[in-house]
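**Student:** Sharing a structure here in structure tokens format.
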Amino acid sequence: MLTTGAAVTNVTALAQVDREKIYQWINELSSPETRENALLELSKKRESVPDLAPMLWHSFGTIAALLQEIVNIYPSINPPTLTAHQSNRVCNALALLQCVASHPETRSAFLAAHIPLFLYPFLHTVSKTRPFEYLRLTSLGVIGALVKTDEQEVINFLLTTEIIPLCLRIMESGSELSKTVATFILQKILLDDTGLAYICQTYERFSHVAMILGKMVLQLSKEPSARLLKHVVRCYLRLSDNSRAREALRQCLPDQLKDTTFAQVLKDDTTTKRWLAQLVKNLQEGQVTDPRGIPLPQQ
């Protein structure tokens, strides 16, 4: 039977062997012959190696190799000929970039290098085949990892790019999972004061967002998804914090959010029910009513 000391030594030795393997795989990314297996192995380990992101970022040629994997797929986008094998391989590279995007030590440098822009051609794709769906979903995951950090620099960066119209298109026509991640990204942008101000700055921006959210509510009334509905309601609630958007929402908030359409879907979701009640309350406040409870036009 092992003593405690021997057991600790064994664990340390095992950890060292694991780290040696990590170093080896990172080195193997630089060679086209060994890259595919290294991508696969490292993507499996990204949750269990806390400092993998700095190791990837600071090792010679690694980020260039990951970007090469992304650029190599561009010719397969148009015309859409992406195979499952190609999709799996590039998604392993994207998983490692997501790891870099979400780490506090590497996030700022990741943004300063404008690496998210390399993913936007994937978000532009419209093919419904599984390799393309997987590619879009994994690309959205990288942006989702960025916004999840609630860092101002992330929102400032994204607002200089075309991420909002890209997310809106996926929210309208993507798979349920892609729609959910795209709506989460929009929600995070809206929850930032700069993001809310940006979207409500012009009628064109606001109306585009409101139109897509309205279409989603209509679709959700036919094919309910509690998770997706939660993000949609939160987007509406946040829009109602802006006075101009609030005025517009009084006219265009879908009836399905005012009646009992979603009562069954939300019966166990107290948070979303609370958000929905607050949204309706926000839109009612400031309206003048006559004694019969009918809203009157404001003077």
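**Student:** Among the residues of segment 73-97, count how many are in a helix (DSSP H, G or I) and over 19 Å from S43 (Cα atoms).
**Tutor:** To start, the set of residues in segment 73-97 that are in a helix (DSSP H, G or I) comprises 73-76, 84-97.
In the following step, the residues that additionally are over 19 Å from S43 (Cα atoms) were identified as 74-76.
Of the residues in that region, 3 qualify.
**Student:** Right, here's the next one. Can you tell which of Q68, Q16 is open to solvent by 60 Å² or more (accessible area, probe 1.4 Å), at pLDDT 95 or above, out of contact with any helix residue (DSSP H, G or I) (no Cβ under 8 Å at 6 or more places or on another chain) and not hydrophobic (A, V, I, L, M, F, W, C)?
**Tutor:** Details: Q16 fails: at pLDDT 95 or above.
Exactly one of Q68, Q16 is open to solvent by 60 Å² or more (accessible area, probe 1.4 Å), at pLDDT 95 or above, out of contact with any helix residue (DSSP H, G or I) (no Cβ under 8 Å at 6 or more places or on another chain) and not hydrophobic (A, V, I, L, M, F, W, C), namely Q68.
**Student:** Now for a separate question. Suppose the filter is of a type outside the set (K, R) and surrounded by fewer than 18 Cβ atoms within 10 Å (Cβ to Cβ); does N92 pass it? Reasoning before the result, please.
**Tutor:** Details: of a type outside the set (K, R): yes; surrounded by fewer than 18 Cβ atoms within 10 Å (Cβ to Cβ): no.
In short, no.
**Student:** Of the residues T138, T129, T106, which single one is surrounded by fewer than 18 Cβ atoms within 10 Å (Cβ to Cβ), of a type in the set (S, T, N, Q) and in contact (Cβ under 8 Å) with a residue 40 or more places away in the chain? Quick ask: steps written out before the conclusion?
**Tutor:** Values: T138 fails: surrounded by fewer than 18 Cβ atoms within 10 Å (Cβ to Cβ); T106 fails: surrounded by fewer than 18 Cβ atoms within 10 Å (Cβ to Cβ).
None of the other options fit; the residue is T129.
**Student:** Please find, among D259, D269, D193, the residue that is surrounded by fewer than 20 Cβ atoms within 10 Å (Cβ to Cβ) and in contact (Cβ under 8 Å) with a residue 24 or more places away in the chain. Break it down into steps so the answer makes sense when it comes.
**Tutor:** Working: D259 fails: in contact (Cβ under 8 Å) with a residue 24 or more places away in the chain; D193 fails: in contact (Cβ under 8 Å) with a residue 24 or more places away in the chain.
Exactly one of D259, D269, D193 is surrounded by fewer than 20 Cβ atoms within 10 Å (Cβ to Cβ) and in contact (Cβ under 8 Å) with a residue 24 or more places away in the chain, namely D269.
**Student:** Among T138, T149, T160, T129, which is the only one that is at pLDDT below 95 and of a type outside the set (D, E)?
**Tutor:** On the way: T138 fails: at pLDDT below 95; T160 fails: at pLDDT below 95; T129 fails: at pLDDT below 95.
Testing whether each residue is at pLDDT below 95 and of a type outside the set (D, E) leaves just T149.
**Student:** Let me ask you something else. Being hydroxyl-bearing (S, T, Y), outside the structural domain of A112 (by the TED database), over 17 Å from the mean Cα position of the chain (by Cα) and farther than 25 Å from P116 by Cα, is that true of even one residue in segment 187-200? So that I can check it myself, show each step before the final result.
**Tutor:** If we filter segment 187-200 for residues that are hydroxyl-bearing (S, T, Y), which is where we start, we get 194, 198.
After this cut, where a residue has to be outside the structural domain of A112 (by the TED database) as well, the list is 194, 198.
Among the residues that remain, those that are also over 17 Å from the mean Cα position of the chain (by Cα) are: 194, 198.
Still in the list and also farther than 25 Å from P116 by Cα: none.
Looking through segment 187-200, none of the residues is hydroxyl-bearing (S, T, Y), outside the structural domain of A112 (by the TED database), over 17 Å from the mean Cα position of the chain (by Cα) and farther than 25 Å from P116 by Cα.
**Student:** Any residue in segment 34-55 that's free of Cβ contacts under 8 Å to residues at least 24 places away in the same chain and not assigned by the TED database to the domain that holds R107: show its pairings with residues that are part of a helix (DSSP H, G or I) and of a type outside the set (A, V, I, L, M) at Cβ separation under 9 Å, as long as the two are six or more apart or on different chains.
**Tutor:** none
**Student:** Which of the residues spanning segment 166-183 are farther than 18 Å from T129 by Cβ and open to solvent by less than 40 Å² (accessible area, probe 1.4 Å)?
**Tutor:** Taking segment 166-183 first, the residues farther than 18 Å from T129 by Cβ are 166-168, 171-172, 180-183.
Of everything in segment 166-183, those that are farther than 18 Å from T129 by Cβ and open to solvent by less than 40 Å² (accessible area, probe 1.4 Å) turn out to be L166, C167, L168, M171, T180, V181, A182, T183.
The values are calculated or read from the model by the stated rules, or taken from the named source; none is laboratory data. Nothing here was measured: the structure is a model prediction, and the numbers come from that model. We place every Cβ from the backbone using ideal geometry, glycine too, and count neighbours over all the protein chains shown. Heavy atoms of the whole protein, side chains included, go into the accessibility calculation; ligands, DNA and RNA do not. Shrake-Rupley method; radii C 1.70, N 1.55, O 1.52, S 1.80 Å.
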